[in-house]
(Lines give C-alpha, C1' and ligand atoms only; values in the text may rest on other atoms or scores of the structure.)
Protein backbone atom coordinates (compact mmCIF):
# COMPACT_ATOMS: atom_id res chain seq x y z
CA UNK A 1 0.00 0.00 0.00
CA UNK A 2 1.44 3.36 -0.96
CA UNK A 3 1.37 6.34 1.34
CA UNK A 4 0.35 9.79 0.15
CA UNK A 5 2.70 12.71 0.59
CA UNK A 6 1.12 15.89 1.88
CA UNK A 7 1.92 19.39 0.69
CA UNK A 8 4.16 19.99 3.71
CA UNK A 9 5.65 16.52 3.30
CA UNK A 10 6.45 17.14 -0.35
CA UNK A 11 8.22 20.36 0.50
CA UNK A 12 10.08 18.73 3.36
CA UNK A 13 11.14 15.79 1.18
CA UNK A 14 12.39 18.10 -1.55
CA UNK A 15 14.39 20.20 0.87
CA UNK A 16 15.70 17.09 2.62
CA UNK A 17 17.95 16.45 -0.34
CA UNK A 18 19.22 20.00 -0.18
CA UNK A 19 19.69 21.78 3.12
CA UNK A 20 17.44 21.41 6.09
CA UNK A 21 17.54 17.63 6.61
CA UNK A 22 21.09 17.20 5.45
CA UNK A 23 22.10 19.30 8.42
CA UNK A 24 21.35 16.30 10.64
CA UNK A 25 21.95 13.60 8.03
CA UNK A 26 18.24 13.00 8.52
CA UNK A 27 17.36 11.85 5.04
CA UNK A 28 18.41 8.32 5.98
CA UNK A 29 16.11 7.97 8.94
CA UNK A 30 17.36 8.99 12.36
CA UNK A 31 16.03 6.04 14.38
CA UNK A 32 17.96 5.24 17.52
CA UNK A 33 19.96 2.05 17.56
CA UNK A 34 18.04 -0.89 18.95
CA UNK A 35 18.71 -1.43 22.60
CA UNK A 36 19.70 2.16 23.38
CA UNK A 37 18.63 3.09 26.90
CA UNK A 38 20.18 6.53 27.24
CA UNK A 39 17.45 8.70 28.75
CA UNK A 40 19.21 11.79 27.43
CA UNK A 41 19.06 10.70 23.77
CA UNK A 42 15.73 12.40 23.02
CA UNK A 43 16.51 15.69 24.72
CA UNK A 44 19.99 15.77 23.20
CA UNK A 45 18.56 15.12 19.74
CA UNK A 46 15.93 17.81 20.19
CA UNK A 47 18.60 20.26 21.24
CA UNK A 48 20.70 19.26 18.23
CA UNK A 49 17.72 19.90 15.97
CA UNK A 50 17.17 23.32 17.51
CA UNK A 51 20.86 24.10 17.12
CA UNK A 52 20.69 22.98 13.49
CA UNK A 53 17.75 25.34 12.95
CA UNK A 54 19.92 28.22 14.08
CA UNK A 55 22.50 27.18 11.50
CA UNK A 56 20.02 27.32 8.61
CA UNK A 57 19.91 30.46 6.45
CA UNK A 58 17.16 32.90 7.30
CA UNK A 59 14.98 34.80 4.86
CA UNK A 60 15.36 38.56 5.14
CA UNK A 61 12.98 41.06 3.60
CA UNK A 62 9.65 39.24 3.92
CA UNK A 63 6.95 40.94 5.98
CA UNK A 64 3.55 39.48 6.93
CA UNK A 65 0.69 41.87 7.65
CA UNK A 66 -2.74 41.11 9.06
CA UNK A 67 -4.36 39.56 12.10
CA UNK A 68 -2.62 36.45 13.49
CA UNK A 69 -4.48 33.34 12.41
CA UNK A 70 -5.84 34.94 9.23
CA UNK A 71 -4.34 34.72 5.75
CA UNK A 72 -1.45 37.18 5.84
CA UNK A 73 -0.54 39.73 3.21
CA UNK A 74 3.10 39.21 2.25
CA UNK A 75 5.17 42.23 1.29
CA UNK A 76 8.69 42.34 -0.11
CA UNK A 77 10.78 44.02 -2.79
CA UNK A 78 10.60 41.94 -5.97
CA UNK A 79 12.48 40.29 -7.49
CA UNK A 80 13.93 38.49 -4.49
CA UNK A 81 16.19 35.45 -4.24
CA UNK A 82 15.96 32.80 -1.57
CA UNK A 83 17.98 29.77 -0.54
CA UNK A 84 16.36 26.35 -0.43
CA UNK A 85 15.50 25.62 3.17
CA UNK A 86 15.90 29.19 4.36
CA UNK A 87 13.21 30.18 6.83
CA UNK A 88 11.73 33.11 8.70
CA UNK A 89 9.16 33.47 11.46
CA UNK A 90 6.90 36.21 10.11
CA UNK A 91 4.25 36.44 12.83
CA UNK A 92 4.31 35.06 16.35
CA UNK A 93 1.09 33.35 17.32
CA UNK A 94 -1.32 34.43 20.02
CA UNK A 95 -2.73 30.99 20.82
CA UNK A 96 -1.75 27.95 22.84
CA UNK A 97 1.76 26.55 22.82
CA UNK A 98 2.23 23.63 20.45
CA UNK A 99 2.63 20.31 22.25
CA UNK A 100 4.91 17.54 21.04
CA UNK A 101 2.76 14.49 20.35
CA UNK A 102 -0.05 16.49 18.76
CA UNK A 103 -1.18 16.68 15.15
CA UNK A 104 -0.72 20.16 13.74
CA UNK A 105 -2.88 21.72 11.02
CA UNK A 106 -1.48 24.53 8.88
CA UNK A 107 -2.91 26.76 6.18
CA UNK A 108 -0.47 27.56 3.40
CA UNK A 109 0.20 29.30 0.12
CA UNK A 110 3.22 30.00 -2.05
CA UNK A 111 4.47 33.40 -3.17
CA UNK A 112 6.41 33.83 -6.41
CA UNK A 113 9.35 35.97 -5.34
CA UNK A 114 9.90 37.33 -8.85
CA UNK A 115 6.48 38.92 -9.28
CA UNK A 116 4.55 38.48 -6.01
CA UNK A 117 1.86 36.22 -7.47
CA UNK A 118 0.32 33.54 -5.26
CA UNK A 119 -0.41 29.87 -5.88
CA UNK A 120 -1.51 26.68 -4.11
CA UNK A 121 -3.45 28.43 -1.36
CA UNK A 122 -5.44 26.35 1.11
CA UNK A 123 -7.05 29.38 2.73
CA UNK A 124 -9.88 30.02 0.28
CA UNK A 125 -11.34 26.51 0.52
CA UNK A 126 -10.31 26.11 4.18
CA UNK A 127 -8.39 22.89 3.52
CA UNK A 128 -5.47 23.04 5.94
CA UNK A 129 -2.67 20.50 5.76
CA UNK A 130 -3.07 18.31 8.87
CA UNK A 131 -0.41 15.75 7.99
CA UNK A 132 2.16 16.93 10.54
CA UNK A 133 2.29 14.60 13.54
CA UNK A 134 4.78 16.29 15.84
CA UNK A 135 6.60 13.42 17.54
CA UNK A 136 9.82 13.52 19.52
CA UNK A 137 11.49 11.73 16.60
CA UNK A 138 10.41 14.27 13.99
CA UNK A 139 11.40 17.18 16.21
CA UNK A 140 14.81 15.59 16.69
CA UNK A 141 15.14 14.70 13.01
CA UNK A 142 14.05 17.86 11.22
CA UNK A 143 15.09 21.37 12.25
CA UNK A 144 11.89 22.91 10.87
CA UNK A 145 9.83 20.67 13.16
CA UNK A 146 11.69 22.10 16.14
CA UNK A 147 10.50 25.51 14.96
CA UNK A 148 6.90 24.26 14.99
CA UNK A 149 7.38 22.63 18.40
CA UNK A 150 8.48 25.97 19.85
CA UNK A 151 5.62 27.91 18.26
CA UNK A 152 2.09 28.81 19.29
CA UNK A 153 -1.21 28.62 17.42
CA UNK A 154 -1.49 31.34 14.73
CA UNK A 155 2.27 31.53 14.18
CA UNK A 156 3.17 32.20 10.54
CA UNK A 157 6.51 31.15 9.09
CA UNK A 158 8.07 30.99 5.64
CA UNK A 159 10.28 28.40 3.95
CA UNK A 160 12.26 29.16 0.81
CA UNK A 161 12.21 26.85 -2.18
CA UNK A 162 13.41 27.04 -5.79
CA UNK A 163 11.78 24.94 -8.50
CA UNK A 164 13.68 23.07 -11.21
CA UNK A 165 13.88 26.17 -13.38
CA UNK A 166 15.31 28.23 -10.54
CA UNK A 167 12.08 30.13 -9.87
CA UNK A 168 12.18 31.25 -6.22
CA UNK A 169 9.18 30.80 -3.95
CA UNK A 170 8.38 31.43 -0.32
CA UNK A 171 5.93 28.95 1.18
CA UNK A 172 3.91 30.73 3.83
CA UNK A 173 2.60 28.47 6.61
CA UNK A 174 0.22 29.46 9.41
CA UNK A 175 -0.37 27.06 12.30
CA UNK A 176 -4.13 27.11 12.85
CA UNK A 177 -4.86 24.20 15.20
CA UNK A 178 -3.53 21.18 17.03
CA UNK A 179 -5.16 17.99 18.24
CA UNK A 180 -4.29 14.68 19.81
CA UNK A 181 -4.88 11.56 17.75
CA UNK A 182 -6.73 8.81 19.62
CA UNK A 183 -4.77 5.61 20.17
CA UNK A 184 -7.84 3.44 19.49
CA UNK A 185 -11.40 3.87 18.25
CA UNK A 186 -13.41 6.22 20.43
CA UNK A 187 -17.11 6.86 20.18
CA UNK A 188 -20.49 5.23 20.63
CA UNK A 189 -20.73 1.45 20.31
CA UNK A 190 -23.14 0.39 17.59
CA UNK A 191 -25.78 -1.99 18.93
CA UNK A 192 -27.79 -3.04 15.88
CA UNK A 193 -25.12 -5.25 14.32
CA UNK A 194 -26.47 -8.18 12.26
CA UNK A 195 -26.15 -11.42 14.21
CA UNK A 196 -24.61 -13.36 11.33
CA UNK A 197 -21.51 -11.17 11.01
CA UNK A 198 -18.13 -12.08 12.56
CA UNK A 199 -17.92 -11.32 16.28
CA UNK A 200 -15.23 -8.85 17.36
CA UNK A 201 -13.80 -8.79 20.89
CA UNK A 202 -11.47 -6.05 22.10
CA UNK A 203 -8.58 -6.41 24.52
CA UNK A 204 -8.02 -3.76 27.19
CA UNK A 205 -5.69 -1.86 24.88
CA UNK A 206 -8.19 -2.00 22.02
CA UNK A 207 -6.56 -4.77 19.99
CA UNK A 208 -9.28 -6.81 18.25
CA UNK A 209 -9.71 -10.56 18.07
CA UNK A 210 -12.36 -12.23 15.95
CA UNK A 211 -14.74 -15.17 15.79
CA UNK A 212 -15.68 -15.68 12.14
CA UNK A 213 -19.12 -16.96 13.18
CA UNK A 214 -19.41 -19.10 10.07
CA UNK A 215 -18.67 -16.24 7.69
CA UNK A 216 -18.29 -17.39 4.09
CA UNK A 217 -17.11 -15.82 0.87
CA UNK A 218 -18.93 -12.69 -0.27
CA UNK A 219 -19.38 -11.19 -3.71
CA UNK A 220 -20.08 -7.67 -2.43
CA UNK A 221 -18.28 -5.51 0.09
CA UNK A 222 -19.68 -5.66 3.62
CA UNK A 223 -19.13 -2.54 5.73
CA UNK A 224 -20.27 -2.54 9.35
CA UNK A 225 -19.46 0.28 11.75
CA UNK A 226 -18.77 -1.16 15.20
CA UNK A 227 -17.91 2.08 17.01
CA UNK A 228 -19.11 5.43 15.65
CA UNK A 229 -16.58 8.22 16.09
CA UNK A 230 -17.45 11.91 16.03
CA UNK A 231 -14.45 13.17 14.04
CA UNK A 232 -14.21 14.44 10.48
CA UNK A 233 -15.66 12.45 7.60
CA UNK A 234 -13.10 10.51 5.57
CA UNK A 235 -12.82 11.50 1.91
CA UNK A 236 -11.90 9.01 -0.81
CA UNK A 237 -8.57 10.75 -1.50
CA UNK A 238 -7.58 11.18 2.16
CA UNK A 239 -4.69 9.59 3.93
CA UNK A 240 -5.89 7.75 7.03
CA UNK A 241 -3.94 6.86 10.14
CA UNK A 242 -5.30 3.53 11.32
CA UNK A 243 -4.83 0.61 13.65
CA UNK A 244 -6.03 -2.53 11.90
CA UNK A 245 -5.91 -6.31 11.76
CA UNK A 246 -6.64 -8.50 8.75
CA UNK A 247 -7.70 -12.16 8.68
CA UNK A 248 -8.56 -14.88 6.20
CA UNK A 249 -11.94 -16.58 6.60
CA UNK A 250 -10.35 -19.50 8.46
CA UNK A 251 -9.26 -17.06 11.15
CA UNK A 252 -5.62 -16.86 10.07
CA UNK A 253 -4.25 -13.39 10.77
CA UNK A 254 -2.10 -12.07 7.92
CA UNK A 255 -1.39 -8.51 9.06
CA UNK A 256 -1.80 -6.29 12.11
CA UNK A 257 -0.54 -2.84 13.02
CA UNK A 258 -1.28 -3.74 16.64
CA UNK A 259 1.46 -6.36 16.56
CA UNK A 260 3.91 -3.76 15.20
CA UNK A 261 3.10 -1.48 18.10
CA UNK A 262 2.02 1.61 16.16
CA UNK A 263 -0.67 2.71 13.70
CA UNK A 264 0.00 2.98 9.98
CA UNK A 265 -0.75 5.76 7.50
CA UNK A 266 -2.32 4.86 4.15
CA UNK A 267 -3.43 6.90 1.19
CA UNK A 268 -6.88 5.70 0.20
CA UNK A 269 -5.75 6.25 -3.38
CA UNK A 270 -3.21 3.48 -2.90
CA UNK A 271 -4.93 0.76 -0.89
CA UNK A 272 -7.14 -2.10 -2.04
CA UNK A 273 -10.53 -0.99 -3.36
CA UNK A 274 -12.29 -2.58 -0.40
CA UNK A 275 -10.52 -0.20 1.96
CA UNK A 276 -11.11 2.88 -0.16
CA UNK A 277 -14.79 2.12 -0.64
CA UNK A 278 -15.34 0.89 2.91
CA UNK A 279 -13.62 3.73 4.76
CA UNK A 280 -14.80 6.62 2.61
CA UNK A 281 -17.65 8.35 4.43
CA UNK A 282 -16.70 6.92 7.82
CA UNK A 283 -15.69 9.29 10.61
CA UNK A 284 -12.46 9.63 12.55
CA UNK A 285 -12.68 7.72 15.82
CA UNK A 286 -14.76 4.95 14.27
CA UNK A 287 -14.05 1.23 14.23
CA UNK A 288 -15.16 -0.51 11.06
CA UNK A 289 -15.56 -4.18 10.13
CA UNK A 290 -14.81 -4.81 6.45
CA UNK A 291 -15.51 -8.07 4.64
CA UNK A 292 -13.77 -7.66 1.31
CA UNK A 293 -14.53 -9.85 -1.71
CA UNK A 294 -11.58 -11.02 -3.73
CA UNK A 295 -12.17 -8.63 -6.62
CA UNK A 296 -11.93 -5.66 -4.22
CA UNK A 297 -8.90 -7.16 -2.47
CA UNK A 298 -5.97 -8.94 -4.07
CA UNK A 299 -7.90 -10.84 -6.74
CA UNK A 300 -6.80 -14.13 -8.23
CA UNK A 301 -3.13 -13.28 -7.74
CA UNK A 302 -3.30 -12.99 -3.97
CA UNK A 303 -0.45 -11.32 -2.12
CA UNK A 304 2.80 -13.01 -1.23
CA UNK A 305 2.69 -16.15 0.87
CA UNK A 306 0.01 -14.90 3.25
CA UNK A 307 -3.02 -14.13 1.07
CA UNK A 308 -3.99 -16.83 -1.46
CA UNK A 309 -5.62 -15.99 -4.76
CA UNK A 310 -9.37 -15.52 -4.62
CA UNK A 311 -9.42 -14.93 -0.86
CA UNK A 312 -12.15 -13.02 0.92
CA UNK A 313 -10.54 -10.79 3.55
CA UNK A 314 -11.83 -9.58 6.90
CA UNK A 315 -10.50 -6.40 8.53
CA UNK A 316 -11.20 -4.49 11.71
CA UNK A 317 -10.01 -0.90 11.25
CA UNK A 318 -9.75 1.86 13.86
CA UNK A 319 -9.66 5.25 12.08
CA UNK A 320 -7.43 7.50 14.18
CA UNK A 321 -6.92 10.43 11.81
CA UNK A 322 -7.66 11.52 8.25
CA UNK A 323 -5.93 14.27 6.31
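The values are calculated or read from the model by the stated rules, or taken from the named source; none is laboratory data. Note that this is a predicted model, so its numbers are computed, not measured. Ideal geometry is used to build each Cβ from the backbone, glycine not excepted, and the neighbour counts take in all protein chains shown.
Looking at the range 121-132 only, could you name the residues that are crowded, with 19+ Cβ neighbours inside 10 Å and free of Cβ contacts under 8 Å to residues at least 60 places away in the same chain? If the condition is that a residue be crowded, with 19+ Cβ neighbours inside 10 Å and free of Cβ contacts under 8 Å to residues at least 60 places away in the same chain, then 128 is the only one that fits.
Of all residues in the range 154-185, those satisfying the criterion of being more than 30 Å from residue 257 (Cβ to Cβ), assigned to a loop (DSSP other than H, G, I, E, B) and touching a residue at least 12 places away in the same chain (Cβ under 8 Å) are 154, 155, 167. Going by what's in this entry, would residue 247 be described as crowded, with 18+ Cβ neighbours inside 10 Å, farther than 30 Å from residue 101 by Cα, outside the structural domain of residue 86 (by TED's automatic domain parsing) and under 27 Å from the mean Cα position of the chain (by Cα)? Yes: the conditions hold for residue 247.
Go over the candidates 222, 234 one by one and state the one that is surrounded by 15 or more Cβ atoms within 10 Å (Cβ to Cβ), in contact (Cβ under 8 Å) with a residue 60 or more places away in the chain and farther than 23 Å from residue 323 by Cα.
Working: 234 fails: farther than 23 Å from residue 323 by Cα.
Going through 222, 234 in turn, the sole match is 222.
The one condition from (1) over 15 Å from the mean Cα position of the chain (by Cα); (2) at pLDDT below 95 that residue 237 does not meet is (1).
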